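Below is one structure; the comments refer to it alone.
The values are calculated or read from the model by the stated rules, or taken from the named source; none is laboratory data. Remember, it's a predicted structure, so these values are computed and weren't measured experimentally. FYI the Cβ positions are ideal-geometry reconstructions off the backbone, even for glycines, and counts take in every protein chain you see.
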Amino acid sequence: MRILFIKLRHIGDSLLLTPTLVATKRQFPSAKIWVLVRQSCEKILEGCPEVDRLLVTANPNSLKRNFLDIFRDIELVSLLRKNCFDYVFELTDSDRARILAVCAATKNRCTNIHPTLKFPWLFFFHTIVKRKRYPKHQVIRDYICPREVLGLPEIPPPLRFADQRMRNWDGLPEGFYAVIHCHTRWRKKTWPTAKWESLINELLQFVPNILLSCGPDDAEILSASALCSRFGERVRSTAGKTDWAQLAWLLKRAVFFVGVDTAAMHLAAASNCPTVCLFGPSPVFEYHPWNVRHWVVCPQSWMAQEDLKQISEDKLMDQIPIDRVLQSCREAWSFGLDRLNQQSPTKLER
């Protein structure tokens with residue numbers, strides 16, 4: 001059996017697909033699972049050994065595409081036509097993903113009901129699952145269609161980044177440490193740098209070491225470096241030099257993680273790292289850390305609806321006070337220490 005899953009979203013969304021992939025492989029051990037994602041999302045799925053083949057399509061942003069991407073997509077369509085799939089699952093709810101699903105040779109093209117699934121798309125899908133998907137976590141939303149079609153278990157498993165796919169990072173701090181990821185490309189998900197600085201200052205009262213995680217973007221690297229310079233050797237940065245496999249390795253050994261709603265937050269969940277997450281306008285029910293001990297700090301949990309309506313999305317994160325995040329970090333620190341002390345030392349070799 002050959003099964004194709006199409007998910008053309010962001011990096012974190014690709015990781016949120018892994019419970020569906022794991023459940024499918026468990027149900028059909030001999031099945032060949034192919035996954036089609038958009039460019040730059042493939043690396044985070046390399047931690048999922050259930051995937052037999054990863055396919056990539058060009059970034060939908062025209063500014064990030066070139067002529068080579070056009071030829072690669074032509075080759076991709078050709079490959080999809082040459083390989084006959086028993087099932088194709090389109091889980092993106094977008095016309096671009098539907099076009100690729102239609103290009104794939106298959107006996108059963110499957111998708112979910114969606115407001116944009118209209119004529120002529122209705123005639124191209126053999127199975128349209130009409131079960132309600134909102135409001136549910138994104139993991140559940142991805143899982144519903146394959147579950148009904150393939151007869152998967154009712155509850156999806158945890159996120160997947162296998163230990164054997166992780167890679168060690170030489171900059172591991174000595175002793176216990178926490179990982180902080182404070183960067184994101186979306187302004188509406190950003191917590192002020194001054195508040196991160198104050199939080200780090202408080203955390204150093206009980207956390208021996210802090211590791212600042214950041215991506216390869218120059219602005220993120222400079223921001224993390226500036227924060228480190230204020231605190232000395234106990235706070236260091238990955239300087240954008242860790243790939244997903246290395247960051248997963250670091251998170252597996254961290255006492256806890258604290259950060260904003262990003263792919264790194266979901267990777268912490270996949271690494272079973274206790275997670276403190278700061279949410280602004282993003283729907284918590286849809287994107288909170290999946291199947292891991294976590295603490296969510298968001299203005300909606302304490303502010304009145306009337307007050308929330310007066311605040312723009314871009315300013316919502318600014319309303320999160322340091323003391324609420326610090327309290328969650330204290331609880332995560334205590335929980336995380338117990339977790340690490342209970343684990344076998346051989347599982348956390350340096």
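Of all residues in the range 27-61, those being part of a helix (DSSP H, G or I), touching a residue at least 60 places away in the same chain (Cβ under 8 Å) and of a type outside the set (Gly, Ala, Ser) number 4.
Might you let me know whether the range 106-120 holds any residue that is surrounded by 14 or more Cβ atoms within 10 Å (Cβ to Cβ), out of contact with any Ser or Thr (no Cβ under 7 Å at 6 or more places or on another chain) and more than 30 Å from residue 289 (Cβ to Cβ)? Taking every residue of the range 106-120 in turn, at least one turns out to be surrounded by 14 or more Cβ atoms within 10 Å (Cβ to Cβ), out of contact with any Ser or Thr (no Cβ under 7 Å at 6 or more places or on another chain) and more than 30 Å from residue 289 (Cβ to Cβ).
Residues considered: 249, 295, 333. Of these, the only one that is outside any loop (DSSP other than H, G, I, E, B) and without any contact (Cβ under 8 Å) to a residue 60 or more places away in the chain is 295.
Criterion first (surrounded by fewer than 20 Cβ atoms within 10 Å (Cβ to Cβ) and either closer than 20 Å to residue 214 by Cα or free of Cβ contacts under 8 Å to residues at least 24 places away in the same chain (or both)) does residue 303 satisfy it? Against the criterion (surrounded by fewer than 20 Cβ atoms within 10 Å (Cβ to Cβ) and either closer than 20 Å to residue 214 by Cα or free of Cβ contacts under 8 Å to residues at least 24 places away in the same chain (or both)), residue 303 qualifies.
With the condition kept exactly as written, say whether any residue in the range 281-288 is touching a Lys or Arg at 6+ places or on another chain (Cβ under 6 Å), among the charged types (D, E, K, R) and touching a residue at least 60 places away in the same chain (Cβ under 8 Å). Checking the range 281-288: not a single residue is touching a Lys or Arg at 6+ places or on another chain (Cβ under 6 Å), among the charged types (D, E, K, R) and touching a residue at least 60 places away in the same chain (Cβ under 8 Å).
With respect to residue 276, is the statement that it is in contact with a helix residue (DSSP H, G or I) (Cβ under 7 Å, 6 or more places away or on another chain), β-branched (Val, Ile, Thr) and either in a loop (DSSP other than H, G, I, E, B) or not assigned by TED's automatic domain parsing to the domain that holds residue 180 (or both) true? In short, no. Is one or more of the residues making up the range 198-205 without any contact (Cβ under 8 Å) to a residue 24 or more places away in the chain, within 30 Å of residue 4 (Cβ to Cβ) and either surrounded by fewer than 16 Cβ atoms within 10 Å (Cβ to Cβ) or touching a Cys at 6+ places or on another chain (Cβ under 8 Å) (or both)? No, the range 198-205 contains no residue that is without any contact (Cβ under 8 Å) to a residue 24 or more places away in the chain, within 30 Å of residue 4 (Cβ to Cβ) and either surrounded by fewer than 16 Cβ atoms within 10 Å (Cβ to Cβ) or touching a Cys at 6+ places or on another chain (Cβ under 8 Å) (or both).
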